[in-house]
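S.K.: Just dropping this structure here.
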Amino acid sequence: MSQFSQHNFSGQKALIRVDFNVPLDKATQAITDDTRMKAAIPTIQKILKDGGSVILMSHLGRPKEGPEEKYSLKHLVKHLSELLGGTTVLFANDCIGEQAYLTADMMKPGEVLLLENLRFYKEEEKGDASFAEKLSKLGDVYVNDAFGTAHRAHASTAVIAQFFPKEKRMFGFVMEGEVNSAEKVLHAAEKPFTAIIGGAKVSDKILIIENLLERATDIIIGGGMAYTFMKAQGGKIGKSLCEDDRLQTASDLLENAKAKGVNIHLPADSVIADNFAADANTQTAASNEIPDGWMGLDVGPEAAKAFAEVILRSKTILWNGPMGVFEMEKFQKGTKAIADAVAEATEKGAFSLVGGGDSVAAVNQFGYTEKVSYVSTGGGAMLEYFEGKELPGIAAVKA
Ligand code: AMP
């Protein structure tokens, strides 16, 4: 059992760093996707059920300097109250200062207080220790449940932890879920372990591939980044996406993989288009024989079949990045085929973790969310975790 599950919050004020950085409609400020708010509800409810009270702090958007109406967390109060089954949610229009302290002081068990946007203070992103100390005075226990910002050494995500003794700082359920599933893949992966890496750019994924070379048995490379690898091997890629300054990196990665006995799978064929458009003309071609004037926008049927075979014999699967331009119908078959295979492998007992903004969007769009073992919500944080970096938000709580 985890520290959080075992802790009895009765009579205590829990200061929780949540990730309520939800998208808001520009005109009406209505919440357009409440996934991140919903994710935090079990953590909040556990504390309330124990007989504790909850003080929530988060950032929202990227305010430039000081308070900005459109980034106020007050827009979230009503919906949060609904998600908590009608519990009243108090709001403090500052995250520190007299009103916040007074309200926090008077809170009774079962009550919830939402603080105003942390990033209205530049000290938050600077990781200012005295700002963190001021925040720490609001609660008796610090709970970090914001995986999405765990890779930032900000005041409320990392620096604040030092102001609480070890037994009074911990992860909430969201963070625990993220950390446990990432650890399982990184350090306790049952083999064969297949990593599926896609998306637009090689440069964004070099570090993750390098780290996975130490752990995975197979690495599937799809999406726009595959064409840099194709060209590095002397293939003709037409006007497909290519990072010419990464050709050497791509060759080196392939060499390293060979030396370490890791199988790299590149798409044998591609769905190619004469234009980057939903209504482009399309055909299938070998990925290293793409005619001039054409570009690869999805993995082809042969590649999808070969990738699916690798996935189906895996016991651990990590998936980051789509196989093609899945936002357009003509180029989503490859990503869909991979989602299908990951779902089938999971059903047969494999552990599958999907993470990174666009692969999560794809899994949601195709309705596979419930068919994989774990969907990570932290894009940048997840990527850095799998690059092998220590995330400040995690390290500070564990220290
Ligand atoms: P990333 O954020 O690096 O994971 O990249 C995701 C984006 O890559 C998505 O918006 C896809 O549309 C795009 N993408 C995937 N495959 C290709 C491709 N073959 N050519 C251009 N863009 C692609």
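S.K.: Looking only at segment 160-186, how many residues end up being in contact with a strand residue (DSSP E or B) (Cβ under 8 Å, 6 or more places away or on another chain) and free of Cβ contacts under 8 Å to residues at least 60 places away in the same chain?
M.R.: Residues flagged as in contact with a strand residue (DSSP E or B) (Cβ under 8 Å, 6 or more places away or on another chain) and free of Cβ contacts under 8 Å to residues at least 60 places away in the same chain within segment 160-186 amount to 3.
S.K.: Applying the selection to segment 177-195, what residues are out of contact with any helix residue (DSSP H, G or I) (no Cβ under 6 Å at 6 or more places or on another chain) and either more than 17 Å from T346 (Cα to Cα) or within 16 Å of the ligand (Cβ to nearest atom) (or both)?
M.R.: So in segment 177-195, the residues out of contact with any helix residue (DSSP H, G or I) (no Cβ under 6 Å at 6 or more places or on another chain) come out as 177, 179-181, 183-193.
Across segment 177-195, the qualifying residues are G177, V179, N180, E183, L186, H187.
S.K.: Among the residues of segment 116-124, is any over 25 Å from G379 (Cα atoms) and at pLDDT 95 or above?
M.R.: Taking segment 116-124 as the starting set, the residues that turn out to be over 25 Å from G379 (Cα atoms) are none.
No - not one qualifying residue is present in segment 116-124.
S.K.: May I pose another question? Which condition from (1) under 28 Å from F147 (Cβ atoms); (2) in contact with a Ser or Thr (Cβ under 7 Å, 6 or more places away or on another chain) is the one that V310 breaks?
M.R.: Of (1) under 28 Å from F147 (Cβ atoms); (2) in contact with a Ser or Thr (Cβ under 7 Å, 6 or more places away or on another chain), only one is false for V310: (1).
S.K.: Go through segment 365-377 and give me each residue that's over 19 Å from N21 (Cα atoms), of a type in the set (S, T, N, Q) and modelled with pLDDT under 90.
M.R.: Step one: list which residues in segment 365-377 are over 19 Å from N21 (Cα atoms), which gives 365-374.
Now restrict to residues that are of a type in the set (S, T, N, Q): 365, 369, 373.
Q365, T369 - these are the residues of segment 365-377 that are over 19 Å from N21 (Cα atoms), of a type in the set (S, T, N, Q) and modelled with pLDDT under 90.
Results for (1) over 18 Å from I317 (Cα atoms); (2) at pLDDT 95 or above; (3) within 14 Å of the ligand (Cβ to nearest atom); (4) touching a strand residue (DSSP E or B) at 6+ places or on another chain (Cβ under 7 Å), shown as yes or no for each residue.
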{"residue": "D204", "(1), (2), (3), (4)": "yes, no, yes, no"}
{"residue": "N211", "(1), (2), (3), (4)": "no, yes, no, no"}
{"residue": "R215", "(1), (2), (3), (4)": "no, yes, no, yes"}
{"residue": "I219", "(1), (2), (3), (4)": "no, yes, no, yes"}
{"residue": "T228", "(1), (2), (3), (4)": "yes, yes, yes, no"}
{"residue": "K231", "(1), (2), (3), (4)": "yes, yes, yes, yes"}
{"residue": "G234", "(1), (2), (3), (4)": "yes, yes, no, no"}
{"residue": "S240", "(1), (2), (3), (4)": "yes, yes, yes, yes"}
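S.K.: How many residues does segment 353-370 hold that are within 17 Å of I208 (Cα to Cα) and away from the ligand (no atom under 14 Å from the Cβ)?
M.R.: Looking only at that region, the number is 1.
S.K.: Turning to a different aspect of this structure: Out of segment 246-261, which residues are surrounded by fewer than 14 Cβ atoms within 10 Å (Cβ to Cβ) and of a type in the set (D, E, K, R)?
M.R.: The answer is E255, K258, K260.
S.K.: Continuing with the same structure: Looking at L312, L297, which is the one that is hydrophobic (A, V, I, L, M, F, W, C) and either surrounded by fewer than 22 Cβ atoms within 10 Å (Cβ to Cβ) or closer than 22 Å to F171 by Cβ (or both)?
M.R.: Details: L297 fails: either surrounded by fewer than 22 Cβ atoms within 10 Å (Cβ to Cβ) or closer than 22 Å to F171 by Cβ (or both).
Just one listed residue meets the conditions, L312.
S.K.: Now for a different question. Being in contact with a helix residue (DSSP H, G or I) (Cβ under 6 Å, 6 or more places away or on another chain) and surrounded by fewer than 22 Cβ atoms within 10 Å (Cβ to Cβ) is the filter; apply it to segment 353-368 and report the residue that is nearest to H154 (Cα to Cα).
M.R.: G357
S.K.: Mind listing whichever residues of segment 44-74 are under 23 Å from the mean Cα position of the chain (by Cα) and surrounded by 22 or more Cβ atoms within 10 Å (Cβ to Cβ)?
M.R.: Selection gives I44, L56, M57, S58, H59, L60, L73.
S.K.: For the condition within 16 Å of the ligand (Cβ to nearest atom) and out of contact with any Gly (no Cβ under 7 Å at 6 or more places or on another chain), what is the one hit in D252, D244?
M.R.: Values: D252 fails: within 16 Å of the ligand (Cβ to nearest atom).
Of D252, D244, the one residue that is within 16 Å of the ligand (Cβ to nearest atom) and out of contact with any Gly (no Cβ under 7 Å at 6 or more places or on another chain) is D244.
S.K.: Next question, about the same structure. If I go through segment 144-177 residue by residue, how many of them are more than 28 Å from K122 (Cα to Cα) and out of contact with any Pro (no Cβ under 6 Å at 6 or more places or on another chain)?
M.R.: Applying the first criterion (more than 28 Å from K122 (Cα to Cα)) to segment 144-177 yields 167, 173, 176-177.
Filter once more, so that each one left must be out of contact with any Pro (no Cβ under 6 Å at 6 or more places or on another chain): 167, 176-177.
Qualifying residue count for the region: 3.
S.K.: What pairs come out if I take residues in segment 226-238 that are closer than 22 Å to N320 by Cβ and pair them with residues that are surrounded by fewer than 17 Cβ atoms within 10 Å (Cβ to Cβ) whose C-beta lies under 6 Å away, six or more apart or interchain?
M.R.: A232/L247; A232/S251
S.K.: Condition first: surrounded by 24 or more Cβ atoms within 10 Å (Cβ to Cβ) and either among the β-branched types (V, I, T) or within 16 Å of the ligand (Cβ to nearest atom) (or both). Now tell me which residues in segment 332-352 satisfy that.
M.R.: G334, T335, I338, A339, V342
S.K.: Another question, then. If you go through segment 39-68 one residue at a time, how many are part of a helix (DSSP H, G or I) and modelled with pLDDT under 95? Please lay out each step first, then the result.
M.R.: Kept after step one, since they are part of a helix (DSSP H, G or I), are these residues of segment 39-68: 39-50.
With modelled with pLDDT under 95 added as a condition, the list becomes 39.
Residues in segment 39-68 being part of a helix (DSSP H, G or I) and modelled with pLDDT under 95: 1 in total.
The values are calculated or read from the model by the stated rules, or taken from the named source; none is laboratory data. Since the structure is predicted, the reported quantities are computational estimates derived from the model, not experimental observations. In this analysis, Cβ positions are derived from the backbone assuming ideal geometry, glycine residues included, and neighbour counts consider all displayed protein chains.
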